[in-house]
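Working notes for the structure below.
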Amino acid sequence: MGWTFPWASSFGSDFNFDFSVGFTQEQQREGGIEYNYRREAAWQLRGGEGAVAEIPSRSTPDGATTFAAMSGTDVATYTRERPGMSAFAIEDGIVYHTYSTYSRGLDGLWGMYQWLDRAPKGRNETGVWWRRHDEYDKR
């Protein structure tokens, strides 16, 4: 159809902080994180310098713990950048914020989820269910 869309990246800007998908270490420690319209409790460092941080209200490991390990980092670093998507329109030189979504609201943009949601048992998730292609034999 010949459509074109101007895409922009937030890399290297304050955008992720302004739209509550990027956070500082100080915000994590002080409990100043509000993501997906929910305020999070302060993180506590355990084990001294360079220790992994945990959210006090969670008593069992969650996906973030596993995903951080898979990424080769700690949970605190991994969770300082969260998923989010925003759309804007410009009209007569004025920029309008037209849409934002976070967390599971992004599922519609990740094509495979749409197929899995329509399967007889849905995603049938139990813990971390996806692996990268070079990890298929590991389990």
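Tabulated results
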read-out: Sequence of Asp107, Asp137 when ordered by accessible area, the most exposed leading, probe 1.4 angstrom; value: Asp137, Asp107
read-out: Modelled FRET efficiency - R0 25 Å, Phe17 with Met70, Cβ distances, 0.05 increments; value: 0.50
read-out: Solvent exposure, largest accessible area first (probe 1.4 Å, DNA, RNA and ligands not counted), of Trp43, Trp7, Trp110, Trp115; value: Trp7, Trp115, Trp110, Trp43
read-out: Built amide H within the under 5 Å cut-off of Tyr35, gap 5+; value: Glu40
read-out: Solvent accessible area, Å² - Glu30, 1.4 Å probe, full protein context; value: 140
read-out: Full-stretch length increase - Glu26, Asp92 - with 0.36 nm per residue and alpha-carbon distance subtracted; value: 19.9 nm
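The values are calculated or read from the model by the stated rules, or taken from the named source; none is laboratory data. These numbers were taken from a predicted model, which means no experiment stands behind them. Virtual Cβ from ideal backbone geometry, glycine too; neighbours counted across all protein chains shown. When the accessible area is computed, the model is the full protein with side chains, heavy atoms only, and any ligands, DNA or RNA have been set aside. Shrake-Rupley method; radii C 1.70, N 1.55, O 1.52, S 1.80 Å.
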